Amino acid sequence: MKEYYEFFCPVKMVVGHKALDHIPYELDSLGAKHPMFITDQGVVSAGLLKHVENAFKNSGMIIGPVFDEVPADSSLTVVNQLASLYQDQSCDSIIAIGGGSVIDTAKGVNIVVSEQATDLMKFTGAGALKKPLKPFIVIPTTAGTGSEVTLVAVIADHEKDQKMLFTSYFLLPNLAVLDSRMTLTLPPHLTAATGMDALTHAVEAYSCLGKNPLSDAYAFQAIGLISQHLIPVTKNPQDKERRLQMAQASTMAGIAFSNSMVGLVHTLGHTIGAICHVPHGMAMSILLPFVLEYNLKNDPSGDYQQNISQLLLPLLGDEVYASTKHEYRADKVITYIKRMKEQLYQLTKMPRTLKETGKVEEAQLEEIAQASLGDASITYNPVEVEFKEALAVLKSAY
Amino acid sequence: MKIRYYQKKPGSKVFKTQYVKIMCFFVGRALAAVSKVDQEVKEEIATLPEGFTFMLKILPYGPSLAVTYQQKRLRYEGGNYPEEQADVVIMIKNIEAAFLLFTFQEGTALAFCRDRMAVKGDLTTAMAIVRCLNIVETYLLPKFLAKKALKRYPEWNFFRKHLGRIVIYFRTLTGI
């Protein structure tokens, strides 16, 4: 048997109601006492930073420096400026509070301060980091990207209008804190988009070429939680218990895809985001069922059908799974995902097609298809994809 | 009390190492050949900067192959190119993983997905080179072997598949 895989997740999870209050203890365990706080205006205006500040009462630790103006899509300039601030203030650790952009920015800052460099550009690509970074804690405020458990950071260089990818096991934080309060104020449309992002991570982790038994376990569980809780929490955003379940699902999906990678949905979605600026979660939601259909139709081995069929169990439960004939299960999975999209559209007006986003022109589809072939994630898709096939999937999603 | 212990030299896997070394030579030469002949490869490498060097190396000490992009073609640099001068390095983690790859028991994409390789440098460019390697495998290998190595065996016309193969083999063997 020639199968081989690697699985790595050293991130400590601190999960539950009032989990934030454990941060001073955990910082002390890491030998840190002067963290820099990195966040954005969305977190501040939602009142979430207050919860974190309150968690430091009685700790004796100074709160700050606090930087609360991380832009969407992160920024190379901001990373380099924050690194200077970190050095000037003699910080010894970093706490990131926010979504994917904040977390990626914080990862970038950690690279620069730990390597004692002045410019992040020297560390692009994979294999550039050679030693552990400074203590790093992440408090996610969305239930979608899974960035708290991934070894990747994407930072935009706005001057050159390009996105840079950093990949290293050393980028993984020491600690991820999932507190039910931190996603309570997430608006319904973001709840929907980030939830579907998490679902896509889990489905692709379960069905692509890098799948392995350990990532499968996380992906399977994540899909079950998302299926149970995403629609209800979108209808009732103040449900703390469901918010915590979705946060856990997102982290589990993040662990899964970080260890088995993703496929064509992300290949196309990354490019649509870069060219048309469609938000990532929205693009994932739109593309997921169409990519599933393409892969199912074109996989000669039958493995993909087998894998997708198994997902009917966490999605719709044991009774539906048992009563559905094997050859129809994969189609039922796709139908259910389309139904989820429709329900989320009714609740939040989240676009169901690329055209509905209002940001993608049909004339751009060829450019998107061509550019997507350069995305590394295409390697992990179980079915070969060339330009004309990528274009066909985009047209069906249009 | 004296503790009894021993040390020994690790030895080497001579046959597998030599086989992989020979395959690296042919693949390097073949990459240079397809860059002169195949239109798809020419388009893949067209965006590379002049002087860009790609290296495939078997850890910890080789064998390896390196190609440099010069004047719209890839030039084979041999098996002793200094790693620190390469822009992108695909490192196969050990000789066993390399042997699986070069005996086509595991395809390039699957080997990548199974973490048999690590990449140093820009991932997007590494993917372009992997696609060129897939084309090299299609030219060099008979269909029944190439199908094992690739996700999907491409549908090429007669001229590309057969005449192209003759030209690639000729250029690979002669280095022209």
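The values are calculated or read from the model by the stated rules, or taken from the named source; none is laboratory data. All values reported here derive from a predicted model rather than from experimental measurement. Note that each Cβ is placed from the backbone with ideal geometry, even for glycine, and that neighbours are counted across all protein chains shown.
Checking each residue in the range B:117-129 for being within 7 Å of chain A (Cβ to nearest Cβ), out of contact with any Asp or Glu (no Cβ under 6 Å at 6 or more places or on another chain) and touching a residue at least 12 places away in the same chain (Cβ under 8 Å) picks out B:Ala118, B:Val119, B:Lys120, B:Asp122. How many of the residues in the range A:207-227 are in a helix (DSSP H, G or I), crowded, with 24+ Cβ neighbours inside 10 Å and within 14 Å of chain B (Cβ to nearest Cβ)? Residues flagged as in a helix (DSSP H, G or I), crowded, with 24+ Cβ neighbours inside 10 Å and within 14 Å of chain B (Cβ to nearest Cβ) within the range A:207-227 amount to 2.
Yes/no per residue for (1) within 14 Å of chain B (Cβ to nearest Cβ); (2) over 30 Å from A:Val233 (Cα atoms); (3) buried (at least 24 other Cβ atoms within 10 Å of the Cβ); (4) touching a residue at least 60 places away in the same chain (Cβ under 8 Å):
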{"site": "A:Leu85", "(1), (2), (3), (4)": "no, yes, no, no"}
{"site": "A:Ser90", "(1), (2), (3), (4)": "no, yes, no, no"}
{"site": "A:Ile97", "(1), (2), (3), (4)": "no, no, yes, yes"}
{"site": "A:Val113", "(1), (2), (3), (4)": "no, yes, no, no"}
{"site": "A:Leu120", "(1), (2), (3), (4)": "no, yes, no, no"}
{"site": "A:Gly125", "(1), (2), (3), (4)": "yes, yes, no, no"}
{"site": "A:Pro132", "(1), (2), (3), (4)": "no, yes, no, no"}
{"site": "A:Pro140", "(1), (2), (3), (4)": "no, no, yes, yes"}
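If we keep just the residues of the range B:114-132 that are assigned to a helix (DSSP H, G or I) and among the small types (Gly, Ala, Ser), which is nearest to B:Met91 (Cα to Cα)? Top of the filtered list is B:Ala126.
In the range A:166-176, which residue that is touching a residue at least 60 places away in the same chain (Cβ under 8 Å) and in a strand (DSSP E or B) is farthest from the other protein chains (Cβ to nearest Cβ)? Looking at the filtered set, the residue picked out is A:Leu175. Return the residue satisfying two criteria in turn: it lies in the range A:1-48 and is out of contact with any Phe, Trp or Tyr (no Cβ under 8 Å at 6 or more places or on another chain), away from chain B (no Cβ under 14 Å) and among the hydroxyl-bearing types (Ser, Thr, Tyr), and of such residues it is nearest to A:Leu133 (Cα to Cα). Result: A:Ser29. Looking across the range A:60-84, the residues that are of a type outside the set (A, V, I, L, M) and within 20 Å of the chain's Cα centre (by Cα) come down to A:Pro71, A:Asp73, A:Ser74, A:Ser75.
Kindly indicate whether B:Thr103 is β-branched (Val, Ile, Thr) and more than 10 Å from chain A (Cβ to nearest Cβ). Break it down into steps so the answer makes sense when it comes.
Numbers: β-branched (Val, Ile, Thr): yes; more than 10 Å from chain A (Cβ to nearest Cβ): yes.
So B:Thr103 passes the test.
Per the conditions (1) buried (at least 24 other Cβ atoms within 10 Å of the Cβ); (2) away from chain B (no Cβ under 14 Å); (3) closer than 22 Å to A:Ile334 by Cβ, the sole criterion not satisfied by A:Arg243 is (3). Among the residues of the range A:36-71, those that are outside any loop (DSSP other than H, G, I, E, B) and without any contact (Cβ under 8 Å) to a residue 40 or more places away in the chain comprise A:Gln41, A:Val44, A:Ser45, A:Lys50, A:Glu53, A:Asn54, A:Ala55, A:Val66, A:Phe67. Residues in the range A:322-354 that are within 17 Å of A:Ser207 (Cβ to Cβ) and among the β-branched types (Val, Ile, Thr): A:Val333, A:Ile334, A:Thr335, A:Ile337.
Is it the case that A:Lys349 is in contact (Cβ under 8 Å) with a residue 24 or more places away in the chain, assigned by TED's automatic domain parsing to the domain that holds A:Ala222 and closer than 29 Å to A:His229 by Cβ?
Values: in contact (Cβ under 8 Å) with a residue 24 or more places away in the chain: yes; assigned by TED's automatic domain parsing to the domain that holds A:Ala222: yes; closer than 29 Å to A:His229 by Cβ: yes.
So A:Lys349 fits the description; yes.
Among the residues of the range A:334-344, is any out of contact with any Leu (no Cβ under 8 Å at 6 or more places or on another chain), more than 14 Å from chain B (Cβ to nearest Cβ) and among the β-branched types (Val, Ile, Thr)? Yes - at least one qualifying residue is present in the range A:334-344. Of everything in the range B:50-96 that is within 14 Å of another protein chain (Cβ to nearest Cβ) and assigned to a loop (DSSP other than H, G, I, E, B), the residue that is surrounded by the most Cβ atoms within 10 Å (Cβ to Cβ) is B:Ala86. Determine whether B:Ala111 is assigned to a helix (DSSP H, G or I), surrounded by 20 or more Cβ atoms within 10 Å (Cβ to Cβ), free of Cβ contacts under 8 Å to residues at least 60 places away in the same chain and within 14 Å of another protein chain (Cβ to nearest Cβ). Yes: the conditions hold for B:Ala111. Output the residue which, of all residues in the range A:101-143 that are in a helix (DSSP H, G or I) and of a type in the set (Ser, Thr, Tyr), is farthest from the chain's Cα centre (by Cα). Top of the filtered list is A:Ser114.
Has the range A:156-177 got at least one residue that is small (Gly, Ala, Ser), at pLDDT below 95 and outside the structural domain of A:His270 (by TED's automatic domain parsing)? Checked the range A:156-177: at least one residue is small (Gly, Ala, Ser), at pLDDT below 95 and outside the structural domain of A:His270 (by TED's automatic domain parsing).
Scoring A:Thr251 on the criteria (1) free of Cβ contacts under 8 Å to residues at least 24 places away in the same chain; (2) under 12 Å from the mean Cα position of the chain (by Cα) leaves a single failure, condition (1).
Just one of (1) assigned to a helix (DSSP H, G or I); (2) within 13 Å of the chain's Cα centre (by Cα) fails for A:Val262. It is (1). Is the range A:377-396 home to any residue that is buried (at least 18 other Cβ atoms within 10 Å of the Cβ), more than 14 Å from every other protein chain (Cβ to nearest Cβ), over 25 Å from A:Met261 (Cα atoms) and at pLDDT 95 or above? No, the range A:377-396 contains no residue that is buried (at least 18 other Cβ atoms within 10 Å of the Cβ), more than 14 Å from every other protein chain (Cβ to nearest Cβ), over 25 Å from A:Met261 (Cα atoms) and at pLDDT 95 or above. Answer yes or no as to whether A:Cys9 is in contact (Cβ under 8 Å) with a residue 12 or more places away in the chain, more than 30 Å from A:Phe257 (Cβ to Cβ) and surrounded by 17 or more Cβ atoms within 10 Å (Cβ to Cβ). No; evaluated as a whole, the condition is false for this residue.
Could you tell me whether the range B:133-141 includes any residue that is in contact with a strand residue (DSSP E or B) (Cβ under 9 Å, 6 or more places away or on another chain) and in a helix (DSSP H, G or I)? Checked against the condition, which is being in contact with a strand residue (DSSP E or B) (Cβ under 9 Å, 6 or more places away or on another chain) and in a helix (DSSP H, G or I), the range B:133-141 yields at least one hit.
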